[in-house]
Amino acid sequence: MTVRLPYVRTCFSALLHRTYSTKVARLDKGFIQVQGPDSTEFLNGLITTMLLPTFTKKNQHTITNKDLQLEGILAKQIQLTPEEIKETNWGILHEDSYLSDEDPMKLGIRRDGLYTLFLNSRGRVFSDAFIYPTPLIMEDSDTSEPSYLVEVDHKITNQLFMMMNMHKLTAKIKLTKPELKSWYIYSEKEIFENYIYKIQNTFFNNATSTDPETANISMQEFIRSRALLDSYSDDVKGFAIDNRSPYFGLKLVTGTALELSQLSPLRNLDEIHMASNSSEYKLRRIINGIVEPADLDMEHSVLPFELNVDFTNGISFEKGCYVGQELTTRTYTTGIIRKRIMPIKLYDLTTIDKESLKDTISIEGDNFEPLLKSCRDIKIINENESEAEQPQEETPFATSPFGNSPTKRASKRKRSEVGKLLHMEKNIGLALVNLKHITPDNSIGHNEFILDTKVDGKTIGVKVFIPDWWPEDAFE
């Protein structure tokens, strides 16, 4: 079983332009609304997280006794009927994949959003997403059928919309692309993390929110408490706690621009400022090892476990069929995950002070991004290790009259490939790394490699960092 380490946030405040205040960033996202009686079942068949407390398989006879036993456990934990799933705007199912099936915190029905993935038929990541039940709170006059907002990177919105239409078939749903805005609230201060913990424990707790009515009441109480918004209006379409890394930030979806005055309750915690763009948010993500498919070039097709979806609570191992499920389940069952995307730092080997390669990643140093943009297929290698190529036998075209036997080409040594560079921002980036080369230690002298490509004739060093929030058995 995967267990998360006790959470201790590495302090990056001094590294991100030395800002200490709470920031609000506008993210470049697109939205698809899925509405109708079959909305929940439709999305459940496309994403990696569980939206239904029942099993759906291509062949119903393949549902095992263990599946039925688990379904019984889930039915006891939440109060949700098949009629409510189709005929009411009941909310969304939240599952904590780190907990055992009997844990009361395992499942809950809530009205805040969750993180998930869409895969293609080959089991590769198509897009990540946040899915929100909408509207934020249900009034008696609101439409009584499931409705969800799917938030994805703006560049993939049209492709996902086409994919959904392809899978729609006879499903009773309506697909639209509303023009909405996505906002991200974050801070490096411990008081902000404690604040997120408090609102999650008070208003969005799986153990206490187990039915649609309680979920709606909890969201109403959250709004009335003015814990985040000074006032509520229909313009607020969605809310989520980003737990890809514990207490990483908050997300809001609105119809119009968000004013800082609307977030005045946060001023009780800290100064609050509007970020000029989302670049600082992106650097913060990369430093913390939180990867989004939009960070990667289209040619880099990755598997869900390479994207660390099992660490970010973006996958359910209990649900039935969904697109791309076969390969994902097989990988999980075998327990063999050879590669993962990890944060890295680049440095000039000729000028670096090794003491600066501490156990925390920083953006201080040379900016290699412009120099490496023109390079393709850059590999990370271990100059201290080498692998032997298998000798190949050379067979002459004709038998030698002197009786020489066929010769074997001498075996060569090549430096061991550690991984591949996927994305760069200044002097930090993301790399797909073979875990056999990594030791679970971020201290100086560990996980230090080089690029196979020189920059201005210089050898570039690479330090691979293990995010401090990864579970303790990540390398087992």
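Some observations on this one:
- Taking the listed residues Ser100, Ser127, Ser121, the one that is polar (S, T, N, Q) and more than 20 Å from the chain's Cα centre (by Cα) is Ser100, with no other qualifying.
- Looking only at residues of segment 414-440 that are of a type in the set (D, E, K, R) and under 23 Å from the mean Cα position of the chain (by Cα), we find that the one that is nearest to Ile287 (Cα to Cα) is Glu425.
- Of the residues making up segment 120-167, those that are part of a loop (DSSP other than H, G, I, E, B), of a type in the set (D, E, K, R) and touching a residue at least 60 places away in the same chain (Cβ under 8 Å) are Arg122, Arg124, Glu145.
- Restricting segment 6-65 to residues that are loosely packed, with under 15 Cβ neighbours inside 10 Å and part of a helix (DSSP H, G or I), the residue that is modelled with the highest pLDDT is Asn65.
- Here the strands (runs of 3 or more DSSP E) wholly within segment 210-287 that include at least 1 residues being assigned by the TED database to the domain that holds Lys29, open to solvent by 20 Å² or more (accessible area, probe 1.4 Å) and closer than 30 Å to Asp468 by Cα are 272-274.
- Residue in segment 160-209 that is nearest to the chain's Cα centre (by Cα), counting only those that are under 16 Å from Asp28 (Cα atoms) and open to solvent by 50 Å² or more (accessible area, probe 1.4 Å): Lys181
- Residue selected from segment 326-343 under the condition touching a residue at least 12 places away in the same chain (Cβ under 8 Å) and part of a loop (DSSP other than H, G, I, E, B), by the criterion surrounded by the most Cβ atoms within 10 Å (Cβ to Cβ): Ile337
- Test result for Ile363, under 26 Å from the mean Cα position of the chain (by Cα), part of a loop (DSSP other than H, G, I, E, B) and closer than 22 Å to Pro467 by Cα: yes
The values are calculated or read from the model by the stated rules, or taken from the named source; none is laboratory data. Just so it is clear, the model here is predicted, and its values are computed rather than measured. Heads up, the Cβs are rebuilt from the backbone with ideal geometry, glycines too, and the neighbour counts pull from every protein chain shown. Each accessible area value is taken on the protein alone, full model and side chains, heavy atoms only, with ligands, DNA and RNA left out. Shrake-Rupley method; radii C 1.70, N 1.55, O 1.52, S 1.80 Å.
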